[in-house]
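Colleague: The following block contains the structure, expressed as structure tokens.
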Amino acid sequence: QVQLVESGGGLVQPGGSLRLSCAASGSVLSTNAMGWYRQAPGKQRELVALIRSGGNTNYADSVKGRFTISTNNAKNTVFLQMNSLKPEDTAVYYCYWLNYLESWGQGTQVIVSS
């Protein structure tokens, strides 16, 4: 199983930027995909961005052009660079890791407000 530790959330004004990080430890070999989901109050959890082992990425339509997912060279940390943030990006962001099992982080709060 993979243990995930997220960081980088916080309060930011509309138009601002944040960078989320998710450090993985444990069984990170044979990772198939890693990414970020988010859940806003009263809404279902939704995919934000995903990066597969081969480097292919997927983004939610609502974040395309504003968010960028990436990993470090060791492939044990995944980042989410969030630019041009909007109030509707406010949510708890969860790191997601897929190898033999699905693993989830504890979540980090992002609040976009003036």
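The values are calculated or read from the model by the stated rules, or taken from the named source; none is laboratory data. Everything numeric here is computed off the predicted structure, so don't read it as measured data. Every residue, glycine as well, gets a Cβ built from its backbone with ideal geometry; the counts of neighbours run over all protein chains shown. Heads up: the accessible areas ignore ligands, DNA and RNA and are worked out on the full protein's heavy atoms, side chains in. Shrake-Rupley method; radii C 1.70, N 1.55, O 1.52, S 1.80 Å.
Colleague: Which shape class, rounded, prolate or oblate, goes with the chain when its Cα gyration tensor gives a ≥ b ≥ c as root eigenvalues, a/c under 1.5 marks rounded, and past that a/b bigger than b/c marks prolate?
Modeller: prolate
Colleague: Contour minus end-to-end for Arg19 and Glu102, with contour as 0.36 nm per residue of separation and end-to-end as the Cα-Cα distance?
Modeller: 27.6 nm
Colleague: Can you order the peptides 100-110, 28-38, 54-64 by their average number of other Cβ atoms within 10 Å per residue, highest first?
Modeller: 28-38, 100-110, 54-64
Colleague: Net charge near Ala33: determine it from the other residues with C-beta under 12 Å of the C-beta of Ala33, scoring Lys and Arg +1 and Asp and Glu -1.
Modeller: +1
Colleague: With the crude spin-label approximation of a point 7 Å out along Cα→Cβ, what separation in nm comes out for Ile111 versus Lys86?
Modeller: Label-label distance for Ile111 and Lys86, simple model: 2.1 nm.
Colleague: How large is the accessible surface per residue of region 36-89, computed with a 1.4 Å probe and reported in Å² as a whole number?
Modeller: I get 57 Å² per residue for this part.
Colleague: Next up: Hey, any idea what % of the chain's accessible area is carbon plus sulfur with a 1.4 Å probe?
Modeller: So the carbon and sulfur contribution to the accessible surface is 47 percent.
Colleague: Follow-up. For Lys75, list the lysines whose Cα falls under 24 Å from its own Cα; do not include residues on the same chain fewer than 8 positions away.
Modeller: Lys64
Colleague: Also, quick follow-up: Using the 2.2 N^0.38 Å rule of thumb for compact globular proteins, work out how region 29-80 stacks up: its C-alpha Rg over that value, please.
Modeller: That works out to 1.19 for region 29-80.
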